[in-house]
1. Does any residue in region 47-74 that is more than 30 Å from S37 (Cα to Cα) and among the aromatic types (F, W, Y) come within less than 7 Å, Cβ to Cβ, of a residue that is at pLDDT 95 or above and surrounded by fewer than 22 Cβ atoms within 10 Å (Cβ to Cβ) six or more places away or on a different chain, and which pairs are these?
2. It is to be established whether one or more residues within region 62-73 are within 16 Å of the ligand (Cβ to nearest atom) and either closer than 22 Å to M301 by Cβ or surrounded by 14 or more Cβ atoms within 10 Å (Cβ to Cβ) (or both).
3. Could you grab me the full set of residues in region 161-197 that are farther than 19 Å from I315 by Cβ, open to solvent by 30 Å² or more (accessible area, probe 1.4 Å) and more than 17 Å from the chain's Cα centre (by Cα)?
4. Which of the strands (runs of 3 or more DSSP E) contained wholly in region 22-93 include at least 2 residues that are under 21 Å from the mean Cα position of the chain (by Cα) and of a type in the set (A, V, I, L, M, F, W, C)?
5. For a quick check of your reading: which strands (runs of 3 or more DSSP E) sit entirely within region 98-212 and have at least 1 residues that are within 16 Å of the ligand (Cβ to nearest atom) and outside the structural domain of R306 (by TED's automatic domain parsing)?
6. If the requirement is being at pLDDT 95 or above, in contact with a helix residue (DSSP H, G or I) (Cβ under 6 Å, 6 or more places away or on another chain) and over 30 Å from F132 (Cα atoms), which of these qualifies: G46, G63, G15?
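The values are calculated or read from the model by the stated rules, or taken from the named source; none is laboratory data. Keep in mind that this is a model prediction, so the values were computed, not measured. For neighbour counting, all protein chains shown are included, and Cβ atoms are generated from backbone atoms with ideal geometry for every residue, glycine included. Heads up: the accessible areas ignore ligands, DNA and RNA and are worked out on the full protein's heavy atoms, side chains in. Shrake-Rupley method; radii C 1.70, N 1.55, O 1.52, S 1.80 Å.
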Amino acid sequence: MEGINFNQYGVTFKGSGSYVPGQILTNQKISQKVDTSNEWIQSRTGISERRISSVEDNVTEMGYKAALTAIEMTNWDIKTIDLIVLATSTPHDLFGSAPSIQAKLGATNAVAFDLTAACSGFLFALITASQFLKGGSFKRAIVIGADQLSSFVDWNDRRSCILFGDGAGALAIEATNEFDNFIGFDMRTDGGRGSFLNLPSKKNKGSIVDEIDFLNGGFSPIQMNGQEVYKFAVKEVPLILEKLLKKMKYNSDQVDWLLLHQANQRILDSVGERLKIPREKILSNLEKYGNTSAATIPLMMDEAVRDCRIKQNDIIATSGFGAGLSWGAALIKWG
Ligand code: UT7
């Protein structure tokens with residue numbers, strides 16, 4: 001393949017996995033809680049229902065189950081995994097949930113850490129892990145996206161609570177010196193627009209002793225300016241994908257699948273139109289799961305791999321975008 005020096009390592013995709021919690025929150029059920037309707041939510045977002053974690057289904061549990069199903073698709077001995085990166089904004093332990101997943105898997109030789117970039121998190125984690133593989137530091141990696149935003153949604157705010165759900169997805173990737181299926185990527189951040197979407201810490205002042213105060217831990221619910229996030233997504237996502245395709249010398253008609261962060265069906269349709277990628281090539285499962293943040297991309301990828309829509313050597317253009325604001329794109333070949 002063009003641009004690849006075969007003296008270096010490339011990345012190959014070996015497995016995918018996912019997990020969603022059992023509780024199903026339909027639009028009808030949400031409309032018992034806030035002033036909304038199934039018709040409004042479906043027409044504005046494409047979402048019909050989402051999964052909600054019970055108290056047992058935390059990010060460690062969901063991420064572990066997704067990782068295990070991805071590993072089962074490979075023929076790997078778990079002890080040969082070198083790296084586990086967990087993309088999450090809602091860790092079960094703020095010090096990091098990836099180490100607990102490593103322990104539960106028995107991946108005793110893997111280094112494991114969390115990475116936070118909200119809805120761009122999985123893409124950023126995949127790019128991060130790929131660099132370790134391409135650089136020759138590690139051979140086998142598990143990249144997980146898992147989030148439990150239901151714990152941080154304001155369930156009285158109809159403008160945001162309708163969007164989010166919980167879940168996890170994972171990919172198993174391996175270094176190879178024969179080819180490179182991680183064709184290219186790009187990443188962007190604009191903290192100047194960060195106030196459009198936040199999960200901020202509470203301004204809750206405590207006092208330790210006289211004259212020494214401190215900030216109590218804890219977070220306020222998600223605050224979102226939906227219209228601004230929408231405008232950001234429909235502008236920046238096509239731009240970054242177009243730029244990446246051009247850089248890697250691909251045309252959009254060579255793309256088999258457009259796999260975007262599952263935020264809103266109208267965003268998916270708009271980006272597809274702009275890139276001239278027909279609707280049947282746009283992967284979408286947000287009707288069933290809503291926006292699961294860092295989990296959407298691997299959750300969708302696993303579904304499409306398992307039902308054989310994504311086949312060996314298919315070209316996938318993917319983009320994550322969201323809070324930060326952060327966004328990114330990657331061009332990959334499955335297999
Ligand atoms: O990972 C990134 C996460 N965030 C996003 O992806 C958010 C991107 N933004 C969006 O998806 C859309 O902006 C929303 C789905 C959040 C909202 O859709 P919209 O078409 O931008 O609606 P809007 O905010 O312009 O609101 C239109 C109307 C308003 O009423 P008025 O002022 O016109 O009377 C809202 O009060 O719809 C009302 N509204 C609702 N009505 C029924 C807002 N939320 C609801 C609701 N049910 N849930």
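1. Hits for this filter: Y64/K104; Y64/L105.
2. No, the conditions are met nowhere in region 62-73.
3. Of everything in region 161-197, those that are farther than 19 Å from I315 by Cβ, open to solvent by 30 Å² or more (accessible area, probe 1.4 Å) and more than 17 Å from the chain's Cα centre (by Cα) turn out to be N177, D190, G191, G192, R193, S195, F196.
4. 23-26, 83-87
5. Strands (runs of 3 or more DSSP E) meeting the threshold: 140-148, 166-176.
6. Result of the check over G46, G63, G15: G46.
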